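Below is one structure, written out as structure tokens; the observations come after it.
A short reminder: the numbers here are calculations on the coordinates, not readings from a lab. Please read all numbers here as calculations on a predicted model, not as lab measurements. Here the Cβ positions follow ideal geometry from the backbone for every residue, glycine too, while neighbour counts run over all protein chains shown.
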Amino acid sequence: MYKKFFKRYGPLIVIMTFFSCIVLTSFYIILQPKITLPIYSPSMVSTELVEEEIQHVKKYHKISDFSMINQNGEIITQDFYDNTIYVADFFFTTCPSICPIMTENMFEIQEKILNKNIKLISFSVTPEIDSVAQLKKYALEKGVNDLKWNLLTGNKKEIYELARKSYLVAKSNGDGGKYDMIHTENFVLVDKEKRIRGYYDGTNELEMDKLINDLEILEESYKN
């Protein structure tokens with residue numbers, strides 16, 4: 001009796017089971033919470049990294065416009081990063097401690113985004129030392145791809161204000177100069193709307209893995 005039943009209805013049961021699995025899987029995927037990245041504001045960041053005048057700001061924070069010179073002597077503004085996801089950091093070419101590690105990790109990111117609409121930017125915190133020639137020498141040594149990654153020098157006051165008021169990554173207690181600063185090891189993830197979407201320790205391998213994953217999440221968010 002059972003043999004006749006399965007002979008007659010077995011294929012139908014298999015098909016129904018197959019489609020049931022597809023439906024259940026689809027519902028499971030649809031019902032999963034969508035992963036989104038936070039949008040950072042000054043009030044969410046350590047006060048030592050933010051200018052006092054904006055520490056209370058809780059929303060609508062965006063990266064300010066800038067105009068600086070890259071390793072090829074070209075003027076680079078926000079227009080270069082228009083409608084583009086990018087990763088930013090602050091460094092200097094003669095830094096003997098964390099900068100070499102940060103630059104190496106930035107290079108690894110560069111290699112993973114060559115075919116993506118993602119770019120990189122590194123601001124020198126010692127522009128009086130990091131001339132265009134110095135940046136070019138450093139870029140050649142570190143394998144910088146000019147189409148993807150700008151090393152920038154310029155007015156120190158502007159760089160200081162970008163670090164403290166836009167990217168929120170620099171302490172003010174340097175050597176006492178008016179625009180002196182101690183930059184952090186942070187990499188900053190910026191979205192197409194010029195908003196900060198993540199901070200990552202640029203010297204930590206696990207943090208770099210998280211950054212790569214968050215880049216994918218941010219990319220995917222623009223496809224919907």
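Under the criterion of Cα pairs below 8 Å and six or more residues apart, the relative contact order for region 36-166 equals 30 percent.
Measuring spread by the Cα atoms of region 65-114 yields a radius of gyration and Dmax of 12.6, 35 Å. When you count the other C-beta atoms within 10 angstrom of each residue and take the mean per peptide, 188-196, 127-135, 109-117 line up highest first as 188-196, 127-135, 109-117. The alpha carbon gyration tensor of region 42-221 gives principal lengths a ≥ b ≥ c with a/c below 1.5, which makes the shape rounded. Protection proxy ranking of 138-150, 157-169, by the mean of other Cβ atoms within 10 Å over each peptide's residues and highest first, is 157-169, 138-150. Exceedance of the 19 Å cut-off in Cα-Cα distance is limited, within the set LYS59/LYS165; LYS148/LYS171; LYS62/LYS165; LYS59/LYS210; LYS112/LYS136; LYS112/LYS148, to LYS148/LYS171; LYS59/LYS210; LYS112/LYS136.
Karplus-derived 3J(HN,Hα) values for region 92-100, using 6.51 cos²θ - 1.76 cosθ + 1.60 with θ = phi - 60°, are 8, 5, 9, 5, x, 10, 7, 4, x Hz; glycine and proline are entered as x.
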